[in-house]
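The structure under discussion appears below in the form of structure tokens.
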Amino acid sequence: MAQPLARDVAEEIAKLHGVCIRPVALRRLDMTTGKSEVVDVPCGSPLESKCPPCAKRNRQLRMAQCREGWHLDEEPIITPDEPTDGQRWLVEFRADMQAKRDEEAKAGENTSDLDAVLTGLDIEINEAGMRGNVLGRMGSKRVRSTKRRQDAPDLPKRKMASTTLGRTFEAADGRTYRPSLFVTLTLPSYGKVLNGAPIDPDTYDYVRAARDALHFSKLVDRFVQNLRRVAGYDVQYFATVEPQKRLAPHLHMAVRGTLPRAEMKQIAAATYHQVWWPQADEARFEGDRLPIWNDGYADPDTGEVLPTWDEALDQLGDKPMHVIRFGDQVDVKGVLAGSPDADQCIRYLSKYLTKSLGETLDGQAQREHAARFVDALRYEPCSPTCPNWLRYGVQPKNAKPGMVPGCCRSKAHKPEHLGYAGRRVLVSRKWSNKTLAEHKQDRRTWVLEALGQADEPTDPHRYVWQPVRPGDPDVAPIGVRLLRSIAERQRWRAHLRRLEELSANPQAA
Ligand SMILES: [Zn+2]
Ligand SMILES: [Zn+2]
């Protein structure tokens, strides 16, 4: 009876001290000393509902990243260093582990152990000074028929200058100003709303709202392409996707450099994205009458094999399944480097980062609205591999036995995501010269310097990470692990404080 209570208390204290409350235990074998120990790695969740301390830290890092890139006055250097042998080894090792994990998954086995190893390796890879995620860009793109190419919008086009910096302006007093933009883009109306819920749920266009949310990230990509074309330089941005009260995603974007407000609005108005997918309006199979698996999905009555994903794409007509555009509400604001205005925008940009899209519900009407939205998403195909395609008579891409329409497990259908399963923070490659891991490294370096320790990169051959088996006697109960981390954090803080005092008043030594 007392145990869960103790755990709750430990969690509360951990939150107060900014210590991760859902640490991942990994066994670390030190190849130099032969020592093997269990190490807690922070979960790193960006969501407050999962781990408030990690979410808070994550938000602070994002704010630092946004601030650092917004008003750069020098071109960022982006030539990556040649990977070292150690870095190559890490990536190769990760590939092996990934293959093992995929094998287990294929055999229907529990992959949580190997997933934990992969998490540990990703951390190692970033700490070894490599950017991004190994799985970053994979898979091949299908060559689309030219007939269905996205039409170029009707917009002015400037000659491209090879710079990522915006224009500067000289004031009468001789000072140079470097203005930037803060832009908010919103989706169109699906029906009148009051306090975040439709006035008339029956006429509110839930299907359109669902499809717009599912394809929102593509629309944002198009907007950036068009923006760069019109601006005539390699425009950089830091953007966040956040839920509006009516539960549609919208975009806040810090843009480096400036354009006339009217031109920004013109770009937003001309931007659209066409979705070239098979139709998903008329259900062909539903209820108990569902396609059956026979080395491919087939009509349960006639036995006729349904078209595969590629065949369905080849048979598309000349009308896209969906076209998504922004709404009329485009907000463009000029911001000056280092002004209180800029700080306010950065806080605004990161305001909801620690909340999931469906987490801001308020009141009965809005909860019912959210439930109807989730209903509309249930049979909407979220991707080419979505089992929902069976409902519309098409075999999903990579079809396999056991697929049931309405039971897709992808994030997009979940109430926390409300159709938008993409990244919440979108940062262009030449924004601040640094990835989030590098911003994290900045902080670590700072602390180590304050402690008078050298921040040497870890020798990648030194540690071998292993998953911790359930019931491993070296893993203490979570409450004990939290208290340990808290004690460690307190020791560090005290040490740092002492160093600060010493530097302020050397005689005190
Ligand atoms: Zn955490
Ligand atoms: Zn799906």
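For the criterion of being at pLDDT below 95, out of contact with any Lys or Arg (no Cβ under 8 Å at 6 or more places or on another chain) and among the polar types (S, T, N, Q), THR176 passes.
Among residues of segment 166-192 being surrounded by fewer than 20 Cβ atoms within 10 Å (Cβ to Cβ) and aliphatic (A, V, I, L, M), the one that is nearest to GLN329 (Cα to Cα) is ALA171.
Scanning segment 342-363 for residues that are exposed (fewer than 14 other Cβ atoms within 10 Å of the Cβ) and in a helix (DSSP H, G or I) returns ASP343, GLN344, ARG347.
For every residue, the table says whether it meets (1) hydrophobic (A, V, I, L, M, F, W, C); (2) surrounded by fewer than 19 Cβ atoms within 10 Å (Cβ to Cβ).
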position: GLY18; (1), (2): no, yes
position: MET31; (1), (2): yes, yes
position: GLY34; (1), (2): no, yes
position: GLU37; (1), (2): no, yes
position: ASN58; (1), (2): no, no
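Scanning segment 33-44 for residues that are more than 16 Å from the chain's Cα centre (by Cα) and outside any strand (DSSP E or B), we see that the one that is nearest to ligand 2 (Cβ to nearest atom) is PRO42. Pairs are defined by a Cβ separation below 8 Å, a sequence spacing of at least 6 or placement on different chains, a first member in segment 237-254 that is within 20 Å of GLN364 (Cβ to Cβ), and a second member that is modelled with pLDDT of 90 or more and assigned to a strand (DSSP E or B); the pairs so defined are PRO243/PRO249; PRO243/HIS250; GLN244/HIS250; LYS245/VAL193; ARG246/VAL193; ARG246/ALA197; ARG246/PRO198.
Cβ-Cβ under 8 Å, sequence separation 6+ or interchain: first residue in segment 289-313 and of a type in the set (Gly, Ala, Ser), partner part of a loop (DSSP other than H, G, I, E, B) and open to solvent by 50 Å² or more (accessible area, probe 1.4 Å). Which pairs? Close Cβ pairs (under 8 Å, with a partner that is part of a loop (DSSP other than H, G, I, E, B) and open to solvent by 50 Å² or more (accessible area, probe 1.4 Å)) amount to GLY296/THR308; ALA298/GLU304; GLY303/ASN294.
Filtered by the rule that a residue be in a loop (DSSP other than H, G, I, E, B) and in contact (Cβ under 8 Å) with a residue 60 or more places away in the chain, segment 386-397 gives GLY393, VAL394, GLN395, PRO396, LYS397. Any residue in segment 368-385 that is crowded, with 19+ Cβ neighbours inside 10 Å, assigned to a loop (DSSP other than H, G, I, E, B) and within 16 Å of ligand 1 (Cβ to nearest atom)? So far as segment 368-385 goes, no, none of its residues is crowded, with 19+ Cβ neighbours inside 10 Å, assigned to a loop (DSSP other than H, G, I, E, B) and within 16 Å of ligand 1 (Cβ to nearest atom). Entry remark, segment 428-463: residues being open to solvent by 40 Å² or more (accessible area, probe 1.4 Å) and at pLDDT 80 or above number 2 in total.
With the condition kept exactly as written, say whether any residue in segment 401-411 is over 24 Å from ASP281 (Cβ atoms), among the β-branched types (Val, Ile, Thr) and part of a loop (DSSP other than H, G, I, E, B). No, segment 401-411 has no match at all. For segment 11-21, a residue qualifies if it is under 10 Å from LEU482 (Cβ atoms) and either of a type in the set (Lys, Arg) or within 14 Å of ligand 1 (Cβ to nearest atom) (or both), and the qualifying residues are GLU11, ALA14, LYS15, HIS17, VAL19, CYS20, ILE21.
The rows are residues; the columns are (1) within 16 Å of ligand 2 (Cβ to nearest atom); (2) in a helix (DSSP H, G or I); (3) at pLDDT below 85.
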| site | (1), (2), (3) |
| --- | --- |
| PRO46 | no, no, no |
| CYS54 | no, yes, no |
| ALA64 | no, yes, no |
| ILE77 | no, no, yes |
| ASP81 | no, no, yes |
| ARG88 | no, yes, yes |
| VAL91 | no, yes, yes |
| ALA95 | no, yes, yes |
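The values are calculated or read from the model by the stated rules, or taken from the named source; none is laboratory data. If you're wondering where the values come from, they're calculated on a predicted model, not measured in any experiment. Counting neighbours? That spans all protein chains shown, and the Cβs are built from the backbone with ideal geometry, glycine included. Ligands, DNA and RNA are stripped out before the accessible areas are found, and what is left, the full protein with its side chains, is counted by its heavy atoms. Shrake-Rupley method; radii C 1.70, N 1.55, O 1.52, S 1.80 Å.
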